[in-house]
Amino acid sequence: MPIDFYQVPGSAPCRAVALASAALGVDLNFKICNLMEGDHMKPEFLKINPQHTIPTIDDNGFHLWESRAIMTYLADQYGKNDSLYPKDPKKRAIVNQRLYFDALTLYKAFGDYYYPIVFSKAPKDETKYKAIGEALGFLEKFLEGQNYVAGNNMTLADLSVVATLSTLEAMDYDCSKFKNICRWYARIKSEAPKYEEYNAAGVKAFKVLVNEMMKK
């Protein structure tokens, strides 16, 4: 039975969960949650997630939100092996660290700079812009001599980070000087199951939204 997945296609965290589901072979029942129309504030959604955030899943009555928590749950609950989310404590710790890095450093830097500009017409903040470059510098270092973000094969960390990086690309951020990142990015785009359907299409939807918001 597919898991109900409340999401917005343009959202990087939602795309990360979708990519994880594809890699794990988990069926999702995609449910669009239209934030502009207040779907996330309706009583039926608040019963599932009182924080009214997306992505959110309903797995036969088990409700969970926060993208990286959902990704690790899906891997633990439905993974046919532990390649995407290792059971070895040290290997898993590295994957977790990279997931937290994505949430609290890379994606945060992206959101801190771009979201006020797009949604609130705020002026550009050079300090916040520099924070993106610093975060990417860390990622570049992680990938030194490595094909993947955490370990010797693709993990949930790669799927989470690639959703963020592709969203940065949609904002025309130039990552070309980060050679390790560019090499890794090309690899994940070719290796992640359903990448075009679950991530690239969502990036295009995000770009359309941004262009519409910037015109207002």
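The values are calculated or read from the model by the stated rules, or taken from the named source; none is laboratory data. No experiment lies behind these values; they were computed from the predicted model shown. Neighbour counts are summed over all protein chains in view; Cβ atoms, including those assigned to glycine, are modelled from backbone coordinates with ideal geometry. Protein only, heavy atoms only, side chains kept; ligands, DNA and RNA dropped before computing areas. Shrake-Rupley method; radii C 1.70, N 1.55, O 1.52, S 1.80 Å.
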Counted residues in the stretch 165-216 being among the basic types (K, R), at pLDDT 95 or above and within 22 Å of D112 (Cβ to Cβ) come to 1
Restricted to the stretch 61-91 and to residues being assigned to a helix (DSSP H, G or I) and in contact with a Pro (Cβ under 7 Å, 6 or more places away or on another chain), the residue surrounded by the most Cβ atoms within 10 Å (Cβ to Cβ) is S67
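When only residues in the stretch 111-135 that are among the hydrophobic types (A, V, I, L, M, F, W, C) and surrounded by 20 or more Cβ atoms within 10 Å (Cβ to Cβ) count, which is nearest to I94 (Cα to Cα)?
Of the residues in the stretch 111-135, the ones among the hydrophobic types (A, V, I, L, M, F, W, C) are 117-119, 122, 131-132, 135.
If we keep only those that are surrounded by 20 or more Cβ atoms within 10 Å (Cβ to Cβ) as well, we get 132, 135.
Details: I132: 22, A135: 17 Å.
Among them, the one singled out is A135.
Pick from Y148, Y198: which is closer than 23 Å to V26 by Cβ and assigned to a loop (DSSP other than H, G, I, E, B)? Explain how you work it out, then say what you get.
On the way: Y198 fails: assigned to a loop (DSSP other than H, G, I, E, B).
After applying the criteria, what remains is Y148.
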Listed by first then second residue, the pairs whose first member lies in the stretch 72-85 and is closer than 15 Å to L159 by Cα, whose partner is assigned to a loop (DSSP other than H, G, I, E, B) and of a type in the set (G, A, S), with beta carbons under 7 Å and at least 6 positions apart or on separate chains, are Y85/G79
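Among the candidates C33, C14, which residue alone is farther than 23 Å from E191 by Cα, of a type outside the set (V, I, T) and open to solvent by less than 40 Å² (accessible area, probe 1.4 Å)? Show your work before the answer.
Values: C14 fails: farther than 23 Å from E191 by Cα.
Only one candidate qualifies: C33.
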For the stretch 172-198, pairs from a residue that is among the small types (G, A, S) to a residue that is assigned to a helix (DSSP H, G or I), with Cβ under 8 Å and 6 or more apart or across chains, are S176/C182; A192/L19; A192/A22; A192/A23; A192/D158; A192/L159; A192/V162; A192/N199
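Check I48, I94, I54 and return the single one that is surrounded by 16 or more Cβ atoms within 10 Å (Cβ to Cβ), among the β-branched types (V, I, T), in contact with a His (Cβ under 6 Å, 6 or more places away or on another chain) and at pLDDT 95 or above. Step through it out loud before you land on a result.
Numbers: I94 fails: in contact with a His (Cβ under 6 Å, 6 or more places away or on another chain); I54 fails: in contact with a His (Cβ under 6 Å, 6 or more places away or on another chain).
I48 is the lone residue from the list that is surrounded by 16 or more Cβ atoms within 10 Å (Cβ to Cβ), among the β-branched types (V, I, T), in contact with a His (Cβ under 6 Å, 6 or more places away or on another chain) and at pLDDT 95 or above.
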Please verify whether the stretch 108-127 includes one or more residues that are on the phi > 0 side of the Ramachandran plot, over 15 Å from the mean Cα position of the chain (by Cα) and not in a helix (DSSP H, G or I). yes
For this session: Could you please let me know if L143 is at pLDDT 95 or above and farther than 19 Å from K108 by Cα?
Result: yes
If we ask which residues in the stretch 57-91 are of a type in the set (S, T, N, Q) and touching a helix residue (DSSP H, G or I) at 6+ places or on another chain (Cβ under 6 Å), their number turns out to be 1
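What residue, among those in the stretch 153-193 that are under 16 Å from M71 (Cα atoms) and not aliphatic (A, V, I, L, M), is surrounded by the most Cβ atoms within 10 Å (Cβ to Cβ)? Walk me through how you get there before you give the answer.
In the first step, residues of the stretch 153-193 are kept if they are under 16 Å from M71 (Cα atoms); the result is 154-164, 192-193.
This time we only want the ones that are not aliphatic (A, V, I, L, M), so: 155, 158, 160, 164, 193.
Numbers: T155: 28, D158: 28, S160: 30, T164: 24, P193: 15.
Among residues in the stretch 153-193 that are under 16 Å from M71 (Cα atoms) and not aliphatic (A, V, I, L, M), the one surrounded by the most Cβ atoms within 10 Å (Cβ to Cβ) is S160.
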